[in-house]
There are 2 protein chains.
Amino acid sequence: MSEERALPVAVDAMGGDHAPAAIVQGAVDAAREGVPVVLVGPEPAVREELARNRDAANLPVAVRHASEVVGMGDHPGQAMRRKKDNSIRVCFELVKGGAACGMVSAGNSGAVMAGAIFVLGRLPGVERPAIISELPALKGRPLLLDMGANVECRPVHLVQFALMGEVYARRVLGVERPRVAVLSNGEEDSKGNDLTRAVAAALRRSTIDFRGYCEGRDLLTGDFDVIVTDGFTGNVALKTMEGTARVFVDLIRGALRSSAAAKLGGLLARRALTAMKKRIDWREIGAAPLVGVAGVGFITHGRSDALAIRNAVRRVRAAADARATEEIGAAAACAEALLAPAAVAAETRAEEPSQTASFKA
Amino acid sequence: MSEERALPVAVDAMGGDHAPAAIVQGAVDAAREGVPVVLVGPEPAVREELARNRDAANLPVAVRHASEVVGMGDHPGQAMRRKKDNSIRVCFELVKGGAACGMVSAGNSGAVMAGAIFVLGRLPGVERPAIISELPALKGRPLLLDMGANVECRPVHLVQFALMGEVYARRVLGVERPRVAVLSNGEEDSKGNDLTRAVAAALRRSTIDFRGYCEGRDLLTGDFDVIVTDGFTGNVALKTMEGTARVFVDLIRGALRSSAAAKLGGLLARRALTAMKKRIDWREIGAAPLVGVAGVGFITHGRSDALAIRNAVRRVRAAADARATEEIGAAAACAEALLAPAAVAAETRAEEPSQTASFKA
């Protein structure tokens, strides 16, 4: 354990809008708190940023040269194959080779997922790795997956997301008995589409605490710890949250200016409103872990500043310390067995047309 | 035109949480403003509520007896077939027979859609009627369809939603050249799933002002006038908006209580906040029109109060005055022609795996 604890977090110094300055600064800040880091990128550029911190030489900060950078416009798969010395790929190679406990990048998120699959590989039995988003709920931090990597999903994928997310919530976040739900268009079992019905039937056969369907309005209540959906719907839900929050802040600001009394209130409350905007904005939450690959990797938002990077580095460290990767793979491997009987049930149910079923509310 | 203008709006007196009291009151309020109404429900109960308004006898308010009521738990299709004298069905029969210009119900929304299809029928060429939701955007009132009636959709359905919604925005809401978009998981053409790609390809061949993909964060900006999606995703997006708004109000209230200065601000601004909550809550927006059926029908939220009903009655009247039904049907009938070449393109594109395509951002 002590040797493992000394392993650094690999940080892609070249990813994100504010790279390398904000990335290097965030990594240095994490190192100051005692988390060893290895910065990955073109060494001269990284050293130049490092030099801004006078105490850098005394901190657990290493630099690993990587000559190439993946751009936001690069095709993820091609970038991994053609730019062999790119900073994302080198981060994953450090993890794979046991020289880092995990990695984080604020770069091209498709390239990070591609790099994870390319270098670390999928865990045995996992069909599709997923990206987890932690939601800014009133209570707790529900996990939503997949948040966008897998646009077209079959039942086995969502069942695996549920089983992997459950292990992650339990082992990494310390939720004793995570409550798992499938995102649907209504709470009743008669709702949903062919995909959600097959997934729910399978999860009812599992040993996890499966609570059935939840709705869009349940994402932020904290009543569920793990919520699974396909990457298309997950992306729409996350961006709808973001857009609603933004409009809401604008409307409230307008309302607070609309009368003399409210105007005074607005002046006094402005700081509180700004803090709330940050809280609800999913892009501020920080790092999104990958699950289903053979190692620890996190994607952070392209807008990440030094604070976001420092927090992300901490979270990589915590995820690595939890040593949950193997258990995540073992859980995912149960999906096929859970689905076998469910497939028969889904076929039977499919005889009832979807439109009729949706009429029940 | 003058004869048509005299036609009343049929109001289902028995639908919703506050029926019949709030429904009758809302209809009477609309009648006071000069919109003739016919209240449909068990006559004694309706007359009893009507009697609370001393001026009712002088208003353009009629009562049409209907002995049965569809419950929220009733199966929509069965209710329409078995309860032949239910208030929803009778409303649609008045529309069909030319005795009402349109109808509105706050009852079982599945039953309203089923009644519309059962009594009015689909317009020729329309595969699936849809429910339109008007979104509480910063500018304008974007239309989102389908908001829940059609959970499993094929490309032809979404193309028809786009064409029908475009006519509705233009003819009923007076938007000169509606900007139409398909809800997706990213703006780039490379995003989306098989369904959205086929739909976008078809709409690019149309004469409407098609703007390609939009994202969840664009729903409330007012940058698009008509946004189409399947009923599953539409439902998730609407309920995510609702849930986000609710959490946001709670968070802001908490923040406004968190310091002495903010507390004072909060007291002063409370009314403004409550007004904003109502504005963003999609359930407060009021009535959702059906499109694709041979007549005018609106669904209002089950929680509708008298004000919501009065507003809904006005909107039925406006939709009927626009006489757009025929044009909606004609527009929908073009969908197949637009899809024929698109189907070939979609097959070609399908050779590229979806996961890879999603990596581009």
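Structural remarks
- Local electrostatic count at A:Glu336 - Lys and Arg +1, Asp and Glu -1, tallied over other residues with Cβ under 14 Å: +2
- Copy-to-copy label separations for B:Ala6, where each label sits 7 Å from Cα toward Cβ, in nm and ascending: 9.7
- The mean sequence separation of alpha-carbon pairs under 8 Å and at least six residues apart, normalised by the residue count of the stretch A:53-100, gives a relative contact order of 34 percent.
- In plain terms, the C-alpha convex hull of the stretch A:84-175 casts an average shadow of 7.1 nm² when viewed from every direction.
- Only the Cβ atoms of Lys and Arg (+1) and of Asp and Glu (-1) were treated as charged; on that basis the dipole of the stretch B:141-252 about its Cα centre amounts to roughly 280 debye.
- For A:Val63, residues with placed amide H under 5 Å, excluding near neighbours: A:Leu39
- Relative contact order computed over the stretch A:63-139 (Cα-Cα under 8 Å; 6+ residues apart), in percent: 30 percent
- Partner shielding of B:69-77 amounts to 2, given as the average count of beta-carbon atoms from other chains within 10 Å of each residue beta-carbon.
- Whichever aspartates and glutamates have a C-alpha closer than 14 Å to that of B:Lys239, once near sequence neighbours (fewer than 8 apart) are set aside: A:Glu187, A:Glu215, A:Asp218, A:Glu242, B:Glu134, B:Asp146, B:Asp281, B:Glu284
- Summing +1 for each Lys or Arg and -1 for each Asp or Glu among the other residues whose beta-carbon sits under 15 angstrom from that of A:Arg64 gives -2.
- When only Cα pairs below 8 angstrom with a gap of at least 6 residues are kept, the stretch B:69-212 shows a relative contact order of 15 percent.
- Position B:Arg141, label points 7 Å along Cα→Cβ, spacing to each other copy in nm (shortest first, one decimal): 4.1
- Estimated vicinal HN-Hα couplings, Hz - the stretch B:288-301 in sequence order (Karplus 6.51, -1.76, 1.60; Gly, Pro = x): 10, x, 8, 10, x, 9, 7, x, 9, x, 10, 10, 10, 5
- Charge-dipole axis of the stretch A:1-90 as Lys and Arg at +1 and Asp and Glu at -1 on Cβ define it, positive-most pick from A:Val35, A:Ala66, A:Val9: A:Ala66
- Using the Cβ-Cβ distance between B:Ala318 and B:His65 with R0 set to 45 Å, the FRET efficiency works out to roughly 0.95.
- FRET efficiency, A:Arg82 to B:Thr207 (Cβ-Cβ, R0 56 Å, nearest 0.05): 0.85
- Cα centre as origin, Lys/Arg/Asp/Glu Cβ charges: the stretch A:112-205 dipole, Debye: 300 debye
- Between this copy and the others, label points of B:Gly121 are 6.3 nm apart in ascending order, each placed 7 angstrom from Cα in the Cβ direction.
- For A:Gly297, the residues whose amide H sits under 5 Å from its own are A:Met103, A:Leu290, ignoring neighbours fewer than 5 places away on the same chain, with H placed 1.01 Å from N.
- Calculated FRET efficiency for the pair A:Ala6/A:Glu327, C-beta based, R₀ 35 Å, to 0.05: 0.90
- The local environment of A:Ala27, defined by Cβ-Cβ distances under 15 Å, has a net charge of 0 under the rule Lys, Arg +1 and Asp, Glu -1.
Read the figures in this text as sums done on the coordinates, not as results from a lab. Predicted model only: the values in this text are computed from it and were never measured. Ideal geometry is used to build each Cβ from the backbone, glycine not excepted, and the neighbour counts take in all protein chains shown.
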